[in-house]
1. Please name whichever of 28, 273, 141 sits farthest to the positive end of the charge dipole of the chain, dipole taken about the Cα centre and charges placed at Cβ: Lys and Arg +1, Asp and Glu -1.
2. Taking segment 37-121, which GluC sites (Glu not before Pro) meet the DSSP loop condition and have no more than 16 other C-beta atoms within 10 Å?
3. What accessible area, in Å² to the nearest ten, does a 1.4 Å probe give for residue 199?
4. What does the charge dipole of segment 151-289 about its Cα centre add up to, to the nearest 20 debye, if the Cβ of each Lys and Arg holds +1 and the Cβ of each Asp and Glu holds -1?
5. Keeping all protein chains in the complex and leaving out DNA, RNA and ligands, what accessible area do you get for residue 201 with a 1.4 Å probe, in Å² to the nearest 10?
6. Please label the shape of segment 219-291 as rounded, prolate or oblate, based on the square roots a ≥ b ≥ c of the eigenvalues of the alpha-carbon gyration tensor (a/c under 1.5 means rounded; beyond that, a/b larger than b/c means prolate, else oblate).
7. Ordering 248, 237 from largest to smallest accessible area (1.4 angstrom probe), what's the sequence?
8. Hey, any idea what % of segment 167-291's accessible area is carbon plus sulfur with a 1.4 Å probe?
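The values are calculated or read from the model by the stated rules, or taken from the named source; none is laboratory data. Bear in mind that the values here come from a model prediction, so they are computed numbers and not experimental data. Counting neighbours? That spans all protein chains shown, and the Cβs are built from the backbone with ideal geometry, glycine included. With ligands, DNA and RNA removed, areas are computed over all heavy atoms of the protein, side chains included. Shrake-Rupley method; radii C 1.70, N 1.55, O 1.52, S 1.80 Å.
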Amino acid sequence: MTATAVQPAAPEESPTVTVTVPPRAHCVADPAGTLTFDVFDWRPAGAGAGLLLTPRGPEGAADTLRLPLAPIAGERLRAVLTVETPLPEGRWDVYVAEDGAQPRRLSPGNHDLRALVDREPPSGAGPLAVRIPYATKYGNLSVRSWVRAPHVEAGDIRVGAEELTVHGRLAGAEHPADLLAGAVLEARPRGAEPGTGPTAKPTTEGAAFSCALRYADLVRDWAGERLLLDLWLRPADGAPVRLARILDDVPDKKEIFVYPAREVAAPHGAARVVAYYTVDNDLSVRVERAG
């Protein structure tokens, strides 16, 4: 019998794995609120490179803002969102695009937002525009935008034994001291008409004020279920202005700025009162059953 030589099997080739690096952007803010985006890890093959800001939601594409991308050193591209460029209030997802190609979602690089920390509101009348870039929970780049005119910036919140003291500053008004002179701070039930919640008279100094809200007043109309009270500055003459905290580098304050609760005796039992920021960084008070 003739032996047949058996050739060893050729080793399997390792599959080729292509790792696609998503385009990213560094972002720098200046004291006025202008944002500069430096895009890298992306090289457009065609013309018309642009940075797209698309509002969150199903109807967003129709309202997309396109900023031109210009080459800078190191094969990077730069786009500038000036404070004068209109950007309606909301959350905006950020993409890069070129002519004839599908837009690509941007990932965040390094953010230098030091200029936004403890930002002073501009003086004089007119809308206050605030934009804060941030990383979403999926690792994408987005921008949170606010447009307020006028605006009340919430400051220190002091949780006392008998009252909640709120400090704030009015911006975007021609004569803020005059507007504050006859104003009250109202804790209005969410969805209710102005003038339906407990009020307190603030102490004012120029555009700044402080106001103490008694817990006994905040639970006055509490019926035992959760009650959400939104804080508004209500001038004697003019539209109410929502209190919010937006003049810094924190886009979502609800889980960051956490205040202690106070237990208060109320007509329908013991109530728990706590100040908090909403998902829009507006200041509110929650009243719920203690325990």
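1. 273
2. 59, 84, 89
3. Near enough 70 Å² of accessible area.
4. In debye, rounded to 20, segment 151-289 gives about 440.
5. Residue 201 has an accessible surface of roughly 120 Å² with all protein chains in place.
6. The shape class here is oblate.
7. From most accessible down to least: 237, 248.
8. Heavy-atom surface of segment 167-291 belonging to carbon and sulfur, 1.4 Å probe: 49 percent.
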